[in-house]
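The next block holds one structure in the form of structure tokens; read it before the comments.
Read-outs: derived from the displayed coordinates by stated rules, not from any lab. Predicted model only: the values in this text are computed from it and were never measured. Every residue, glycine as well, gets a Cβ built from its backbone with ideal geometry; the counts of neighbours run over all protein chains shown.
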Amino acid sequence: MTAATVAGPHQYMAEQMRWRWSEIAFWLATLLPFLVAPSYLVLANQVAITALFALSLDLILGFSGIVSLGHAAYFGVGAYAAGLASKWGWGEPLSGLLIAALAAGLLGYVTSFVIARFRHLALIMITLGLGLLLQEAANSASWLTGGFDGLQGIHTWSIFGEFHFDLYGYTAYGYSLSALFLIFLIARRLIYSPFGLALRGIRENGQRMPAIGAATREHIRTIYTIAAIIAGVAGALLAETTETVSLEVLGFQRSADVLVMLILGGTGRLYGGLIGAAVYMVARDQFSGLNPQYWYFWIGLLLIAVVMILPNGILGGLSLLARRLKVPS
Amino acid sequence: MSENALAARGVNKSFGSLVVAADVEINLPQGVRYALIGPNGAGKTTLINLMTGMLRPDAGHIFLGDEDITALPPEQRVWRGLVRTFQINSLFPHLTALESVTLAVCERRRVARTWWRPLTAYRSEVDEAYEILSSLMLAPVSHRLTRELAYGQQRLLEIALALATRPKVLLLDEPAAGVPRDESQELFTAIAGLSRDITVLFIEHDMELVFRFASRVIVMVGGRVLVEGTPQEIASDPQVRAVYLGKATGKADHG
């Protein structure tokens, strides 16, 4: 926040995309589970996967203003694509991610033509409908998906034939975290590109964009497809590291949860989904340990409290605090 | 027809029984400064909406130069040089002034699709945006968020966004709406200083500004073009006096 000093336009742009110390600290902290909490690596793996899923939602919701209540569709398609590839004899994990990316990206591209035509409430209904549609389709196609019993017989090979997926989640968390970090780097680059600026323009005032000559729908189609690909990769990571795929990957609950996590962490900040996923899932783990039957009560309380006290999510609150304390963030 | 930068031919539009444009004929020659005046509800903003593609006419055609653009979507009209501003600020609240104008420059240069190169690599786009802001005296606030700018500065940013698209024809919907009088003079001085290659049409209620900055005036009443002429002709036209100038002049309203 050094905007007070009149910097040149190029300095200003460069300053916007500079890596902050807090970012470096964040990524170093993601390595902590290996050292201090090896018994929580399985949970850490789930968090990393969900964080990637939330990052993908942030690209469309937080940066482009496209509301979705059916984002699990792409997560689920990615999970089934990787799971089926493995079941049919191809358990190589990295190419599994690629297959999932392709499948989810294709679905994302096709549906983006509908998405780009609508906004706000209509979008909520359409994405919700799409999610329900897909889950029922997967349920009825039990010859393919295993239906209610889930997809059986997935076996994920070792990474590079070196790193075997162990019971404690060392490899799983390392693998998911690497994927999260690499895709985060791509997303970060995207956000600070001319395209990223155009997306923020759509979020800020989609009606105004055509009047400055912006091909708004084309931009929306592109980012929606990219977000679908990332969601698909997240789904594939889950299928590969847990070696199961159940109908739940396509479920409404998953779409709603990821939305909640993103809002909890703070939308449009790249890290919001990551922090939201970590807070939400750790809280859920702790609450369900305390009180296995009523843990959603505490989650509900947490949500209301956060939104009331921190309307821009945890990160919004933190950046406000940083500004108050005049600490460079 | 080719000497006209923008033309409307027999344009009609109604919402139900309300006629907002009736056989509108307009010819804007290259480089002229036009004022569009008329009482509340005369259809001035509607005409801008029709010409820029925000509304589709029920009948009639819009020509940009020799090209019939009636069927083109708004952004494609912008690419061809027909650009507008809005009466009520329609900006990007959480983008800085520099980011907003850079965005418009990037869209014009067709680089807004690239997502694998950082903005810092687009130095000439950023330079151009900064130059436009400087030309409108916005350079000192270029790093401020739009929503933190003073109202008059936001009005200037509207014009900056339009200029970033390199317009051939610029339609300004009450560029000085809500701006204090002394500032609105400044704003119109900036508009008057625009390149003579740009044809300008502005809606304005302040007759003093109209007579000072327009070379020709179009008067609209009830969705129709009542009369067109030089400011002197308009001032002495009995019809115009009857429907428009006879009423309280110079008072800003929201038509």
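Side notes on the structure shown:
- Averaging the Cα positions of each part gives two centres, and for the range B:1-74 and the range A:187-240 these lie 34 Å apart.
- For chain B, DSSP calls about 55 percent of its internal beta bridges antiparallel.
- The modelled label-to-label distance between A:L102 and A:A283, using points 7 Å beyond Cα along the C-beta direction, is 4.0 nm.
- When chain B is treated as a Gaussian network with alpha carbon springs shorter than 10 Å, the biggest mean-square fluctuation among B:R123, B:R216, B:R144 belongs to B:R123.
- The range A:164-303: Rg to Rh, with Rh as the Kirkwood radius over Cα pairs: 1.03
- Folded to 0 to 90 degrees: helix B:123-135 orientation relative to chain B principal axis, Cα: 50
- Compared with the direct C-alpha span, the chain from B:R117 to B:D68 gains 14.0 nm at full extension, assuming 0.36 nm per residue.
- Length released on extending from A:W27 to A:F148, taking residue separation times 0.36 nm less the Cα-Cα span: 39.8 nm
- Kirkwood-type hydrodynamic radius, the range A:172-231: 12.8 Å, calculated from all non-identical alpha-carbon pairs.
- Between 0 and 90°, nearest 10: helix B:97-108 axis offset from chain B longest Cα axis: 80
- Once both labels are positioned 7 Å from their Cα atoms along Cα-to-Cβ, the gap between A:F160 and A:E136 label points is 4.7 nm.
- Taking 7 Å steps out from each Cα toward its Cβ at A:L320 and A:F113 produces label points 4.4 nm apart.
- If you take the Cα centroid of the range B:111-133 and the Cα centroid of the range A:92-116, the two points sit 30 Å apart.
- Only beta bridges with both residues in the protein assembly as shown are counted; by DSSP, about 60 percent of them are antiparallel.
- Aspartates and glutamates whose Cα lies under 17 Å from that of B:K13, excluding same-chain neighbours fewer than 8 positions away: B:D23, B:E25, B:D58
- GNM result for chain A, Cα springs below 10 Å: residue of A:I212, A:I229, A:I66 fluctuating most strongly: A:I212
- Tensor-based shape of the range A:107-227 (alpha-carbon gyration tensor, a/c under 1.5 rounded, otherwise prolate or oblate): oblate
- Its Cα centre serving as origin, chain B has a Cβ charge dipole (Lys and Arg +1, Asp and Glu -1) of approximately 400 debye.
- Most mobile of A:W298, A:W21, A:W88 in a GNM of chain A (Cα contacts under 10 Å): A:W21
- Across all Cα pairs in the range A:279-329, the calculated P(r) in 5 Å bins from zero up to the longest distance comes to 5, 20, 20, 18, 14, 11, 7, 4, 1 percent per bin.
- FRET efficiency for A:R18 and A:Y296, using Cβ-Cβ distance with R0 set to 35 Å, rounded to 0.05: 0.30
- When shorter helices are ignored and each DSSP H run of at least 4 residues is given -39500 (n - 2.57), the per-residue value for chain A at 222 nm works out to -22500 deg cm²/dmol.
- For B:R80 and A:I309, a Förster radius of 51 Å and the Cβ-Cβ distance give a FRET efficiency of 0.50, rounded to the nearest 0.05.
- Shape class for the range A:2-137: oblate, because the ratio a/c of the largest to smallest gyration tensor axis (alpha-carbon atoms, square roots of eigenvalues) is 1.5 or more and b/c is at least a/b.
- Between the range B:169-194 and the range A:279-329, the alpha-carbon center distance in angstrom: 48
- Projecting the Cα atoms of A:L69, A:A29, A:L98 onto the charge dipole of the range A:9-324, computed from C-beta unit charges around the Cα centre, puts A:L69 farthest toward the positive end.
- Value of Rg/Rh across chain B [Cα atoms, Kirkwood radius]: 0.97
- Computed Rg/Rh of chain A, alpha carbon atoms with Kirkwood Rh: 0.97
- If you model the protein assembly as shown as an ellipsoid using its alpha carbon gyration tensor, with each semi-axis the square root of five times an eigenvalue, the axes come out at 54, 26, 20 Å, biggest first.
- Ignoring aspartates and glutamates fewer than eight residues from B:K168 along the same chain, the ones with Cα atoms less than 16 angstrom from its Cα are B:E3, B:D66, B:E67, B:D68, B:E75, B:D197.
- Taking 0.36 nm per residue of sequence separation and removing the Cα-Cα distance, the B:R56/B:H94 pair yields an extension gain of 10.6 nm.
- Computed log₁₀ I(q)/I(0) - Debye formula, equal Cα scatterers, no solvent, the range A:224-291, q 0.15, 0.23, 0.26 Å⁻¹: -0.58, -1.23, -1.30
- Cα gyration tensor shape of the range B:91-166, rounded if a/c is under 1.5, else prolate or oblate by comparing a/b with b/c: prolate
- Only aspartates and glutamates eight or more places from A:K87 in sequence, or on another chain, were considered; those with a Cα closer than 16 Å are A:D149, A:E240, A:E243.
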